Amino acid sequence: MKKIVMILLSSFLITSYAYAGACPVLMKEVDAKLATAKELSEKQVAEIEKLRQEGEEAHNTGKHKESVKLLQEALTKLNI
């Protein structure tokens, strides 16, 4: 029983760490693509910047899964 609990706990910690490490990479990617995007309207840029900011805030508060979701949504909008 202890082994099962330890395996579950380990997998949870590894998953959380993986998400935590992905956030800064995704933020940099959003920033880089946003800096070179010329075909976006002001409304689109504002929406992407809002998603990026919300993603960073989620990351800073430990909500890494939510952060990744928001940052990936911003990247999707950048690839329009």
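What to note about this one:
- Set side by side, the residues Glu42, Glu47 differ, and just one is loosely packed, with under 15 Cβ neighbours inside 10 Å and either touching an Asp or Glu at 6+ places or on another chain (Cβ under 7 Å) or modelled with pLDDT of 90 or more (or both), which is Glu42.
- Enumeration of residues in the range 28-80 that are touching a Gly at 6+ places or on another chain (Cβ under 7 Å) and hydroxyl-bearing (Ser, Thr, Tyr): Ser67
- Of all residues in the range 37-62 being among the polar types (S, T, N, Q) and in a helix (DSSP H, G or I), the one that is farthest from Cys23 (Cα to Cα): Gln44
- Any hit, the range 63-72, residues being out of contact with any Asp or Glu (no Cβ under 9 Å at 6 or more places or on another chain) and part of a loop (DSSP other than H, G, I, E, B): no
- Restricting the range 14-32 to residues that are more than 12 Å from Gly55 (Cβ to Cβ) and at pLDDT below 90, the residue that is surrounded by the most Cβ atoms within 10 Å (Cβ to Cβ): Ala20
The values are calculated or read from the model by the stated rules, or taken from the named source; none is laboratory data. Since the structure is predicted, the reported quantities are computational estimates derived from the model, not experimental observations. Note that we place each Cβ from the backbone using ideal geometry, even for glycine, and neighbour counts take in every protein chain shown.
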